[in-house]
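For reference, the structure discussed in these notes is given below.
Derivation of every value follows stated rules applied to the coordinates shown; laboratory data play no part. This is a predicted model, so every value here is computed, not measured. Methodologically, a virtual Cβ is constructed for each residue, glycine included, from the backbone with ideal geometry; neighbour enumeration extends over all protein chains shown.
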Amino acid sequence: MKIQSEATDSRTSRLPVDALARRLPEDGAATTTGRVDWIETYDVAVIGLGYVGLPLCLAFAKAGAIVLGVDTDTSKALHLAAGKSYIKHISDADVHTAVSDKRFTATADFSALRNAAAILICVPTPLTPNRVPDLSYVENTARAIAPHLQAGQLVVLESTTYPGTTEEIVLPILERGSGLKAGRDFHLAYSPEREDPGNPRSTLREIPKVLGGLTDACRERATEVYGRIVREVVPVSSCRAAEATKLMENIFRSVNIALVNELKVIYASMGIDIWEVIQAASTKPFGYMAFYPGPGLGGHCIPIDPFYLTWKALEHGQHTRLIELAGEINTSMPEYVVSRVIDALNDAGKPVRRSRILVLGLAYKANVDDDRESPTYAIMQSLEKRGAIVSYNDPHVPTIREGRSNHAVAGRASQPVTADYDAILLCTNHREYGAIDFVSLGIPLIDCRNMVTQRPPAYYPA
């Protein structure tokens, strides 16, 4: 679908409330707020100004929309108001431009949502320690929206979740809290995020946007909104189909990463380099797609999302055996990496206890500052339980921030790369590490990413 017409340049562009209501089909437009007073409006409001929500805000602002960003973290609003970004791969210049052009405003005040034509929800959907979906962020956000919901508004959930969440969780909360009827008084849809941070070739505009609506009219309204910032909208039959699409994408990656992680261990026992095998297999022009092994899964999607389907499938008497097996393999990778560190220390005649180890890379992928669910934390914890003295270096994460998986190490600072360690463990292939002369350091190197070409004598693939 082609991008729709640009928004008006005026910050005070206004619509009467009942004009929003008339966007609904004629047979469902009878319910209105009863008000015809004029209000200042935002074209789009985005709730959750993190790795998904903030890029979305800036994309709409760049397309000419007037955008409201909402987050319960007031410090984010303060940063953005000052034209500053708190996400490394998003520049201060982009934020400053959107704010100074009066196309983007950030706030912690949910009451401002009543003035938005469309409300997009981009909040976390983690797992509990028992791998049960934690929808508290989604539920609390829906409750916060409901008192301010107006007739004619569009609400879209973007957070990754199990099929049925939009209709079974979000819809009843919005209806109870607003007194409005979804599909009649307001539009409701689901459109999963497809962010690829750190990849300069992957832009939001060029990534097709999957979208499902509660009704055909809901889907059409959401298509109009997203058509302003993406070249192609991919409509599907329902919110459930769109929710299932996102899970399929991430399960596909999880299973295939698990396959190469398992083959890595098997081939290593045979003296075969998995990276050489992958490179050779990649020359096949059909029937093969390259996936790469690593120290484990990180980020908000791949380690978490497959288990949303595992949980939901049980409700229907189904068991996701392949998904669960892939999860077991991927979550075992940090311990495999630790075993390779032990091998390196043993070969040097040193015990793990009291050995000084420098870990390179906390971010879960190269060249970003996103350390959510990073396997590096599990590796550090395992080594420290064995008595090792562990430090880290990451040019993108100068200080470890508080998070769900790193309470024990929060507050630690990145250390310089020197030869004052018994071993170096490379977990994340940041571009900065390509400039390090590991040979001259003269200490064992354990490489989880096949990044180092000039290898020291004591080199250990992991």
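In terms of modelled amide H atoms, which long-range or inter-chain residues lie less than 5 Å from the amide H of Tyr42?
Ala116, Ala117
What full-extension length gain, to one decimal in nm, is calculated for Glu315 and Ser440 as 0.36 nm per residue of separation minus the Cα-Cα distance?
39.3 nm
Under the rule of at least 5 residues apart or a separate chain, name every residue whose amide H is placed under 5 Å from the amide H of Val233.
Lys209
From the gyration tensor of the Cα coordinates in the range 14-237, what semi-axes in whole Å does the equivalent ellipsoid have, largest first, with each one equal to sqrt(5λ)?
They are 25, 21, 18 Å, listed from largest to smallest.
Full-extension gain between Ala290 and His96, please, as 0.36 nm times their residue separation minus the C-alpha to C-alpha distance.
Values: separation 194, 0.36 × 194 = 69.84 nm, distance 3.89 nm.
So the extension gain works out to 66.0 nm.
Would you calculate, for the chain, the mean residue ellipticity at 222 nm contributed by helices, counting each DSSP H stretch of 4 or more residues as -39,500 (n - 2.57) and dividing by all residues, to the nearest 500?
Rounded to the nearest 500, the figure is -10000 deg cm²/dmol.
Among the DSSP beta bridges whose two residues both lie in the chain, what percent are antiparallel, rounded to the nearest 5?
15 percent
At 0.890 mPa s and 25 °C, plugging the Kirkwood radius over alpha-carbon pairs of the range 272-367 into Stokes-Einstein gives what diffusion coefficient in µm²/s?
Diffusion coefficient, whole number: 146 µm²/s.
Report the calculated FRET efficiency for Ile272 and Thr418 (r = Cβ-Cβ distance, R0 = 56 Å), to the nearest 0.05.
My answer for the efficiency is 0.95.
What is the set of long-range amide H partners of Ser85 at a cut-off below 5 Å, with H atoms built 1.01 Å from backbone N?
Under 5 Å from the amide H of Ser85 lie the amide H atoms of Asp92, each far enough along the sequence or on another chain.
Treating the angle as unsigned and between 0 and 90°, give the value, to the nearest 10°, between the Cα long axis of helix 53-62 and the longest Cα principal axis of the chain.
Here the helix axis deviates by roughly 60 degrees.
Taking only the alpha-carbon atoms of the chain, what semi-axes of the equivalent ellipsoid follow from 5 times the gyration tensor eigenvalues under a square root, in whole Å, largest first?
After scaling each eigenvalue by five and taking roots: 45, 24, 19 Å.
How large is the dipole of the range 14-237 about the Cα centre if only Lys and Arg carry +1 and Asp and Glu carry -1, each at its Cβ, rounded to the nearest 20 debye?
Value, rounded to 20: 300 debye.
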